[in-house]
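The values are calculated or read from the model by the stated rules, or taken from the named source; none is laboratory data. Keep in mind that what you see is a predicted model, and the values were worked out from it rather than measured. Positions of Cβ are backbone-derived with ideal geometry, glycine not excepted, and every protein chain shown enters the neighbour counts.
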Amino acid sequence: MKKDTWDFVKRIEEMDDATLKKRIKAGMDYEIENKIRPIPYIGKEVLSVEFSYPELIARCPMTGVIDIYKIKLKFIPDKFTAELKSLKFYFWGYKGLPISHEHIAAKVYQDFKKVIKPQKLAILLMVASRGEFKTTIALGDEKLLQFSRPIPEENFAE
């Protein structure tokens, strides 16, 4: 299904659970056109790599309202690391995609793990404040979830 073919509702109460479940599945199954490019890691050292991206944009799966996120990935490479420009373009692929916070985190986790095949991986997704709610989604290796650079913006979960 193409991103621009989704119909949205004005109020979340107007979308029934079956339609929402179908929409969520379509978002999870959607193939992001821009692929993450693996780069060989040939170092012998065990190291952790941490990426932060300040503006991942997607849409509410019900209303189509734009949602803005900050995302952090931390991983221990095995044979590959990610080429940064391809990762940026991959994140751009979410623009316009109707998908919820939890599912973005899960999809990025699955896609990154499939392509880069890290020894360990953790993702932190911070959602821009909406209605005074601050939401953070954490996924992956518990020890890696300790990130080295905090994002101290007040409009995002801390």
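Could you tell me whether any residue of the stretch 117-133 is loosely packed, with under 13 Cβ neighbours inside 10 Å, in a helix (DSSP H, G or I) and without any contact (Cβ under 8 Å) to a residue 12 or more places away in the chain?
no
I want to confirm something. Restricting to the stretch 25-60 and keeping residues that are touching a residue at least 12 places away in the same chain (Cβ under 8 Å) and among the basic types (Lys, Arg), which single residue is nearest to residue 118 (Cα to Cα)?
Here the residue is 37.
Confirm whether residue 57 is closer than 30 Å to residue 13 by Cβ and touching a helix residue (DSSP H, G or I) at 6+ places or on another chain (Cβ under 9 Å).
Yes; evaluated as a whole, the condition is true for this residue.
Run down 22, 88, 74, 95 and say which single residue is without any contact (Cβ under 8 Å) to a residue 40 or more places away in the chain and either part of a strand (DSSP E or B) or closer than 16 Å to residue 111 by Cα (or both).
It is 88.
Could you tell me which numbered condition residue 35 fails, if it satisfies all but one of (1) at pLDDT 95 or above; (2) buried (at least 20 other Cβ atoms within 10 Å of the Cβ)?
(2)
Within the stretch 46-74, take every residue that is under 17 Å from residue 131 (Cβ atoms) and among the hydroxyl-bearing types (Ser, Thr, Tyr) and give me the one that is surrounded by the most Cβ atoms within 10 Å (Cβ to Cβ).
69
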